[in-house]
Amino acid sequence: MNDVPPPNTGSNTMGQQLQWLERVRWQLGLGVLLCIAFPAATRYLLTPLWISAPTEFNSLCAATIAVVFGYIFLRRLHVFPGINALSYVMPCFSATFALAVLVMFALRLDYSRLPLFICYIMALAWFGAIFMIVYRDKIIRLAIVPGGEAERVERLQNVRWQMLQSPEDALDNCEGIVVDLNADHLEKWERFIADSALTGLRVYDVKQVVEQMTGRSEIDRLSLNTLGSVNPNEVYFKIKQAIEWLAAGLALLLLLPLFGIIALAIRWDSVGPVFFRQERIGFRGIPFRVFKFRTMTHRSEGFHDDARHSAITLTSDARITRVGRLLRRSRLDELPQIINVLQAQMGWIGPRPEAVALTKWYEKELPFYHYRHIVRPGITGWAQVCQGHVADVDDVRNKLYYDFYYIKNYSFWLDIVIVMLTIKIMITGHGAK
């Protein structure tokens, strides 16, 4: 079953007229022609010997690679829920063009800035227009085969649903059908599902539709991920750990001046230590001591009668200091956890490590809660960027579904999405307490 693209609301009249532009070969093919071939041909007409210069040839090759990989990058990010591809056009192509320049600089290859810049601007204009015209106002139309849990998808918004009453019902320009593949269906419905798949109509399982449109995996039992195992991708797991360790070492060196400024601000604002230390549950359920900048009044653990309530941060919590509120809003209070990354206790990206008291409480209330410890906890993560800080059991249940989605879709591409959303949150302060 193919991934369900994240839906968007609005009118899609123009999108219907330009449906051919939804195909990869047209988007990328015309993109290479307009962003690479057209500027090169125009320059060649003005200066016939221009293209034969090694400097210009290297620039065109690098621009072509940057355009192709930028497009692939954008398409991979587009499949995740909550991603508006239009807003990621500039970051994606900026990253690939910058990487192309760095590679040529490292290899000491001559290149020209002007053709690279022209191709970069053309790529932003072309692919920005494509995703604005085709995807921004696109409405997904899906038909629902009755039976099992299929009807529950009707509560999902931003989709035009058609509930089928019989296999003979005409499909109203639907892009696919949603069915509970684990349910027992009448023979006529099974024949309809098989015939639909044979004609090329996409058949989606209800659980994957819910996952792709909400970013949550509402599991009621341990299930296989995309690699056919309850464990995440072991190869990427090790590669990610090495990259995060190197990035943490570099970041610690670069951020030491900022650490000093924050430390002085904390000591000026309130009495107490600069760092907050707390025992939390980490990878494979092993406890570790996490480091953060202190954002609350010292000895605030006495604010409540028990350890569980003391570990919960309330909305507009009176214990938060003035500097602490700013640190929480910008997420700068999380930076000392770089030390935990260097100690291999955490990663940059993963489920949020919870306090021991909270973890014990959640494990009693929520089935499979401890499954989230199958990957290293992170400074940021899918649940953090999608939901923010929570403490109530019902909210934690939803957050747990986000964690399960991350584990099931554990990949480089999802981590890139989380990085971009984290940067956005640091700027806006969304979800802070």
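The values are calculated or read from the model by the stated rules, or taken from the named source; none is laboratory data. All values derive from a computational prediction rather than experimental measurement. For neighbour counting, all protein chains shown are included, and Cβ atoms are generated from backbone atoms with ideal geometry for every residue, glycine included.
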Check: Going through segment 295-340 one residue at a time, which ones are at pLDDT 90 or above and either in contact with a Gly (Cβ under 6 Å, 6 or more places away or on another chain) or aliphatic (A, V, I, L, M) (or both)?
Finding: LEU335, ILE338, ILE339
Notebook entry, point to check: Which condition number in (1) at pLDDT below 85; (2) not assigned by TED's automatic domain parsing to the domain that holds ASP169 is the one that PHE93 fails?
Noted result: (1)
Notebook entry, point to check: Which one of these is buried (at least 16 other Cβ atoms within 10 Å of the Cβ) and at pLDDT 85 or above: ASP180, ASP195?
Noted result: ASP180
Next item on the list: Any residue in segment 250-267 that's assigned by TED's automatic domain parsing to the domain that holds THR295: show its pairings with residues that are of a type in the set (D, E, K, R) and surrounded by 16 or more Cβ atoms within 10 Å (Cβ to Cβ) at Cβ separation under 7 Å, as long as the two are six or more apart or on different chains.
Entry: ILE266/ARG294
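Results for (1) in contact (Cβ under 8 Å) with a residue 12 or more places away in the chain; (2) closer than 30 Å to GLN27 by Cα; (3) assigned by TED's automatic domain parsing to the domain that holds ILE65, shown as yes or no for each residue.
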{"residue": "SER112", "(1), (2), (3)": "yes, yes, yes"}
{"residue": "GLU149", "(1), (2), (3)": "yes, no, no"}
{"residue": "ASP172", "(1), (2), (3)": "yes, yes, no"}
{"residue": "ALA183", "(1), (2), (3)": "yes, no, no"}
{"residue": "SER196", "(1), (2), (3)": "yes, yes, no"}
Next item on the list: Evaluate segment 19-32: report whether one residue or more is modelled with pLDDT of 55 or more, part of a loop (DSSP other than H, G, I, E, B) and closer than 28 Å to ALA197 by Cα.
Entry: yes
Next item on the list: Go through (1) small (Gly, Ala, Ser); (2) more than 28 Å from SER411 (Cα to Cα); (3) modelled with pLDDT of 90 or more and name the single condition GLY272 misses.
Entry: (3)
Item checked: Filter result (loosely packed, with under 12 Cβ neighbours inside 10 Å and closer than 19 Å to VAL341 by Cβ) within segment 258-276 -> LEU258
Next item on the list: Hey, could you check segment 78-119 for residues that are of a type in the set (S, T, N, Q) and under 30 Å from GLN157 (Cα atoms) and say which is nearest to the chain's Cα centre (by Cα)?
Entry: ASN84
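Please go through segment 102-116 and give me each residue that is part of a helix (DSSP H, G or I) and among the charged types (D, E, K, R), ordered by number. Write out each step before concluding.
Residues of segment 102-116 that are part of a helix (DSSP H, G or I), as a first pass: 102-106, 113-116.
Correct list: ARG113 only.
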Check: Quick check, is GLY70 modelled with pLDDT of 85 or more, surrounded by fewer than 18 Cβ atoms within 10 Å (Cβ to Cβ), of a type in the set (Gly, Ala, Ser) and under 30 Å from GLN208 (Cβ atoms)?
Finding: no
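Report yes if some residue within segment 137-144 is among the small types (Gly, Ala, Ser), over 22 Å from the mean Cα position of the chain (by Cα), closer than 30 Å to TRP382 by Cβ and part of a helix (DSSP H, G or I); otherwise report no.
Taking segment 137-144 first, the residues among the small types (Gly, Ala, Ser) are 143.
The next check asks that each one be over 22 Å from the mean Cα position of the chain (by Cα); those that pass are 143.
The next check asks that each one be closer than 30 Å to TRP382 by Cβ; those that pass are 143.
Next, only the ones that are part of a helix (DSSP H, G or I) stay: none.
Among the residues of segment 137-144, not one is among the small types (Gly, Ala, Ser), over 22 Å from the mean Cα position of the chain (by Cα), closer than 30 Å to TRP382 by Cβ and part of a helix (DSSP H, G or I), which makes the answer no.
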Next item on the list: Tell me which of these LEU142 doesn't satisfy, since it passes every other one: (1) more than 30 Å from ARG23 (Cβ to Cβ); (2) touching a residue at least 40 places away in the same chain (Cβ under 8 Å).
Entry: (1)
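Suppose we keep only residues that are among the aromatic types (Phe, Trp, Tyr) and in a helix (DSSP H, G or I) within segment 242-300. Which one would you say is farthest from VAL323 (Cα to Cα)?
PHE283
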